[in-house]
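The values are calculated or read from the model by the stated rules, or taken from the named source; none is laboratory data. These numbers were taken from a predicted model, which means no experiment stands behind them. Glycine gets a Cβ as well: all are built from the backbone with ideal geometry, and neighbour counts include every protein chain shown. Quick note on the areas: whole protein, heavy atoms, side chains included, nothing else; ligands and nucleic acids left out. Shrake-Rupley method; radii C 1.70, N 1.55, O 1.52, S 1.80 Å.
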Amino acid sequence: MSYAQIEAHPIAGALGAEISGVDLGDLDDDVFKEIHDAWLQHQVIFFRSQNISPEQQIAFARRFGEIHHHPFMRGMVDYPDILEIIKTEDDTHTFGSVWHTDQMFNPEPAKATMLYAKETPTAGGDTLFASMYLAYDALSEGMKAMLADVKTWSVGNNFKNNDGVDRREVYKGNTQMANKVRNPGNLVTEAAHPLFRTHPETGRKGLYIGSHAQTLEGFHEAEAEPIMAFLREHAVQPEFTCRFRWEPGSLALWDNRCVQHHAVADYAGQRRRMHRITICGDKPF
Ligand code: SIN
């Protein structure tokens, strides 16, 4: 696809494109439409050297839909729509350093996530992305048929693929974000979803799996676990991935309906600060 107002430069064969010719603080509807099209096409898009205020980031995010508030973490005092993810020099935990898709434990998981880099390490702290379209396409017809109507079961806290760690305990860098569990008790943080998800806008099928997914509904644990282990590994093989190197002013926008991501925890002793906004999604089918 070619664009009249923007340029899209793929960064890998699988997914991901850098978009140039855009000031995210000053977007008209025609440019936004092309950005949206490029996002659907490339699944994750990146912008460099942006200089936008929190208000401008929120305004850009709102063009994609209603802003989602995390059930376990609190946004910035002045900007509750923005989660400030800080890893200090002393922190030993890195937020999101496991393959996942955002809010899979929600019956209506997040559609998109936008991450804007404020401070970055001199090296390291990249983010990996994997195309779940490619992961689905590469499965055998036998596997696709066997698992066609199967659902996964996901939970939002103390999940087994994150070492059972309580999420409140690990985000030391930002006490504002970590201190308070926002979930007032009436938000559902468990959900069953189709293992093969149809993207509501592109119509393409993708493998819908990530660290929140615990098991397969209706299977014995001994049956589900080897299938899940295979799918988790299959989904993130190098040929399905891209890797983004951050600089201050970089902004990434990924489509949680067809992408998994993983924050690389390789910058011990260095600081990284990001502004993250997620956008509400709908019920997977
Ligand atoms: C996340 O999982 O949203 C964080 C990704 C990152 O910090 O690179």
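Among (1) in contact (Cβ under 8 Å) with a residue 24 or more places away in the chain; (2) more than 20 Å from LEU134 (Cβ to Cβ); (3) part of a helix (DSSP H, G or I), there is one condition HIS234 misses while meeting the rest; what is its number?
All conditions pass for HIS234, except number (2).
Inside region 10-29, can you point out the residues that are small (Gly, Ala, Ser) and surrounded by 13 or more Cβ atoms within 10 Å (Cβ to Cβ)?
Passing the criteria: ALA12, ALA14, GLY16, ALA17, SER20, GLY25.
Looking only at region 87-98, which residues are surrounded by 21 or more Cβ atoms within 10 Å (Cβ to Cβ) and of a type in the set (A, V, I, L, M, F, W, C)?
Hit for region 87-98 is PHE95, nothing else.
Return the residue satisfying two criteria in turn: it lies in region 50-102 and is within 16 Å of the ligand (Cβ to nearest atom) and polar (S, T, N, Q), and of such residues it is nearest to THR152 (Cα to Cα).
THR101
Here are ARG257, ARG276, ARG197: which of them is open to solvent by less than 40 Å² (accessible area, probe 1.4 Å), over 24 Å from THR94 (Cβ atoms), part of a strand (DSSP E or B) and among the basic types (Lys, Arg)?
ARG197
Taking ALA117 and the conditions (1) of a type in the set (A, V, I, L, M); (2) in contact with a Leu (Cβ under 8 Å, 6 or more places away or on another chain); (3) open to solvent by 10 Å² or more (accessible area, probe 1.4 Å); (4) under 20 Å from VAL44 (Cα atoms), which numbered condition does it fall short on, given that it satisfies the others?
Failed condition: (3).
Taking region 211-247 only, how many residues are away from the ligand (no atom under 16 Å from the Cβ), more than 23 Å from ALA191 (Cβ to Cβ) and surrounded by 14 or more Cβ atoms within 10 Å (Cβ to Cβ)?
1
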